[in-house]
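The values are calculated or read from the model by the stated rules, or taken from the named source; none is laboratory data. As the structure is a prediction and not an experimental result, all values here were calculated from the model. Here the Cβ positions follow ideal geometry from the backbone for every residue, glycine too, while neighbour counts run over all protein chains shown. Note: areas computed on protein heavy atoms with side chains; ligands, DNA, RNA excluded. Shrake-Rupley method; radii C 1.70, N 1.55, O 1.52, S 1.80 Å.
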Amino acid sequence: MLGSVLLHATVAVLLLVSWNFTRDLKVGSVVPVTIVSQAPDTDVRPAEQAPVEQTAQTEAPVPEAPPQAEPPVPKPKPTPPPPKPAPTPKVVKPIPTPAPAKPAPPAKPEKSLDLDALSASISKLARPAKPSSAPKGAARAETATQARPALGTGVASAAMSGLVDDLQRRWNPNCNVEGGRDVQLRVTFTIGAGGQVVGDVAAQIKGPTTPVARSASDRAVSAVYAAAPFRTLPREFYGEKIAVNFNAREACS
Amino acid sequence: MTILSKRTLLAALAALPAAAFGVPGAARADIEVNVNRGDVQPLPIALPAFGGGQVGADIAGVISANLQRSGLFRPLDPASFVERDLNTAVQPRFAAWQQINAQALVNGQASVVGGRLQVDFRLWDVFAEKQLLGLQFASSPENWRRVAHKISDAVYERLTGEKGYFDTRIAFVAESGGRGKKTKQLAIMDQDGANPSYIPVGDGEIMTPRYSPTGQEITYMELRPEGSKIYLLNLDTTRRETLGDFKGMVFAPRFSPDGGKVAFSVERGGNSDIFVMDLKSHATTRLTTDPAIDTSPSFSPDGTRIAFNSDRSGSPEIYIMGADGSNPRRITFAGGRYTTPVWSPTGEFIAFTKQTGGEFHIGIMRPDGTDERILTSSYLDEGPAWAPNGRVLLFSRQGAGGGAKLWSVDITGRVLQPLPYPGGGTDPAWSPLLN
């Protein structure tokens, strides 16, 4: 009898605890779940990115780039040398490092992620194919426990804000033309190896396709090409289709 | 359950920007980001000398100066160019232009074929690595500046989406001579101050020249000791005719947008009112009857309304009325003395001269009087005139003790500069784009 009472009490306590836990997760765990599904890819192959980046870097300083620039279809862009450090270390370093740096329980990253993601207007869609990587993780349980906080807090959101920073530096909206600040554009492109843009960059104009909107869309597309390669993007983003909403009203205010 | 709800929320978050844009295929992207800041600056553009010798170099120089003066472009220093000897038939080596951060590149070739000047040019998007424009112009060799202005307009329009204003002319009153010996002449020059010519039209003092919508005629006022007259001057034939004889002083003429009418003021016994004359029938209609000073009429681009200046409330303010004189209403209430309203060609703004705080200003406001922006301030700024694309204003500026010069300012007020014309000038009027 006493055993039965104790058993019921234990079950009740466990239920309460698990209910609370569930609620906590609900509050701020949206982004980490998605990112965790991509974590395994991230920390496996940092080394593979090096050759791609190096190629791009050697091109930049050499003025005889022309012959290289013309033939290749994927457009190897000699990016401006100054602000961008080699991408490889960026990707590689954060993944292992932040894990110990943020020893806090998983709840912390979740909170900050939610706010960061919203404020930075960065979002990552959970693709139906990718979540399946979670179950795969059985064999990589150790990796996952380290990678989760790392990606949840910093790597993915840092990669995204790096992408946004790159685009902001290269986007020159025409604020001084009447109607220029009212143009809203959505530009899509696919990321290839080394953060290169693969294939065409497509622009959609929200609203009437006026000459001002057309030239604005050219500028946004040009910004994407100018900002590429996106070296802050970890390898698991390669092959992803990225949509960028260029908001001239904000940029011109 | 928890994961499911997380994903749902994630999907909702990710869909937010897409939903805001209402783009149907938005959900197809794996990642969606918003870019809310930019590097707002004049567009860096490379304009190497066109092929074809001196004339090619001169054409590129004029285009470069035009674009720079607009304030929307920053022509790059030719010394930084890596690729030389560009050919209009061959793609440039984009990497060489990306290296110097040129966002656009214009290259061209001038040649004289059968006594005609032929100029080809290409406009390239350097980072997208594609041609945006490729045109050819032909003209007489001495007309090379005009070809350069036309190319400037084409480049400007393609890169901004706005019509250009470089192939235009400016009519103004040229001033020369010192105090007491000042002479004033009706003059016309290119918008960049080149090719000034002076038109001998009479012995009186010429004031307020205004272009017709076609750019082929000018109406102006001539003041003589015995009174004033308004004239129409045909620029092709240089023939002029008067609008007629009026009792009292006539002044401030301006064409209607269809060119069929001229509105002006007539002053009699201290009371001036606004009239409009049909140029075919010469029938004149009085539009205002208030015992105050009503002057400076300016039609809206659709011809249905007229902005004018009146002191009927006690101080000079700007009013709007129907083109038939109906429903006049005041639109300025911010204090100061408002004069010379001029409706912009786009209809979005009215430019004006404002006197306040011991200074004169050129400003613009919406036709309902809102969104007033003061663009300039000085000892004496007055007489704004719009560029045909409604983005730039000309006006005359006079310092204390100095002569008046022509200046320009864009509607942001950031691009303020003197016109590259060495002489003095007042009363500017900007022609429409030439054909």
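At-a-glance table
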{"item": "Spin-label model distance (nm) - B:Thr304 vs B:Asn435, 7 Å beyond Cα toward Cβ", "result": "2.9 nm"}
{"item": "Shielding by partners, peptide A:177-185 (average Cβ within 10 angstrom, other chains)", "result": "4"}
{"item": "Peptide B:93-104 - average C-beta neighbours from other chains (10 Å radius)", "result": "6"}
{"item": "Theoretical gain in end-to-end length, B:Val113 to B:Ala57 [0.36 nm per residue, Cα-Cα removed]", "result": "18.4 nm"}
{"item": "Kirkwood Rh and Cα Rg combined as Rg/Rh, the stretch B:262-369", "result": "0.97"}
{"item": "Selection from B:Gln109, B:Thr160, B:Leu233 lying farthest towards where the dipole of chain B points positive, charges on Cβ", "result": "B:Thr160"}
{"item": "Where the Cα pairs of the stretch B:115-157 fall when distances are cut into 5 Å bins, in %", "result": "6, 22, 28, 19, 13, 8, 4, 1"}
{"item": "Extended-chain gain in nm, criterion 0.36 nm per residue less alpha-carbon gap, B:Val82 and B:Glu205", "result": "38.8 nm"}
{"item": "Overall dimensions of the stretch B:239-278 by Cα: Rg and Dmax, Å", "result": "10.8, 33"}
{"item": "Gyration tensor (Cα) of the stretch B:326-435, equivalent ellipsoid semi-axes in angstrom", "result": "22, 18, 11"}
{"item": "Helix-derived mean residue ellipticity, 222 nm - over chain B, DSSP H n ≥ 4, -39500 (n - 2.57), to 500", "result": "-4500 deg cm²/dmol"}
{"item": "Nearest-ten-degree value, helix B:144-160 long axis tilted from longest Cα axis of chain B", "result": "60 degrees"}
{"item": "Whole-number D in µm²/s for chain B (Stokes-Einstein; Kirkwood sum over Cα pairs; 4 °C, 1.567 mPa s)", "result": "53 µm²/s"}
{"item": "The stretch B:168-277: radius of gyration over Cα atoms, expressed as a fraction of 2.2 N^0.38 Å", "result": "1.09"}
{"item": "Ranking by accessible area, most exposed first, for B:Tyr220, B:Tyr231 with a 1.4 Å probe", "result": "B:Tyr231, B:Tyr220"}
{"item": "Cα-projected label distance for B:Asp371 with B:Ser197, points at 7 Å along beta-carbon direction, nm", "result": "3.9 nm"}
{"item": "Sites B:Asp236 and B:Ser326 - FRET efficiency at Förster radius 25 Å, r taken between beta-carbons, to 0.05", "result": "0.10"}
{"item": "For chain B, size of Cβ-based charge dipole, Lys and Arg +1, Asp and Glu -1, in debye", "result": "300 debye"}
{"item": "Residue-level accessible surface for B:Asp85, protein heavy atoms, 1.4 Å, Å²", "result": "150 Å²"}
{"item": "Estimated Rh, the stretch B:320-368: Kirkwood, alpha-carbon pairs, angstrom", "result": "11.7 Å"}
{"item": "Relative contact order of chain B, defined on C-alpha pairs under 8 angstrom at six or more residues apart (%)", "result": "9 percent"}
{"item": "Rough spin-label spacing in nm, given labels placed 7 Å along Cα→Cβ, for B:Ser140 and B:Ala334", "result": "4.8 nm"}
{"item": "Cross-link reach list, aspartates and glutamates versus B:Lys182, counting only Cα pairs under 12 Å and skipping chain neighbours closer than eight places", "result": "B:Glu205"}
{"item": "Descending principal axes extents, the stretch B:50-198, alpha-carbon based, whole Å", "result": "61, 38, 29"}
{"item": "Calculated P(r) tail over 19 Å for the stretch B:141-218, as whole % of Cα pairs", "result": "50 percent"}
{"item": "Of all accessible heavy-atom area on the stretch A:206-253, the percent that carbon and sulfur account for (1.4 Å)", "result": "48 percent"}
{"item": "Diffusion coefficient, µm² s⁻¹, Stokes-Einstein with Kirkwood Rh over alpha-carbon pairs of the stretch B:285-336 at 10 °C and 1.306 mPa s", "result": "143 µm²/s"}
{"item": "Using distinct alpha-carbon pairs, which all enter the 1/r mean, Kirkwood radius of the stretch B:379-435 in Å", "result": "11.7 Å"}
{"item": "Within the accessible area of the stretch B:212-252 (1.4 Å probe), percent carbon and sulfur", "result": "50 percent"}
{"item": "Separation between Cα centres of the stretch B:182-224 and the stretch B:153-173, rounded to whole Å", "result": "21 Å"}
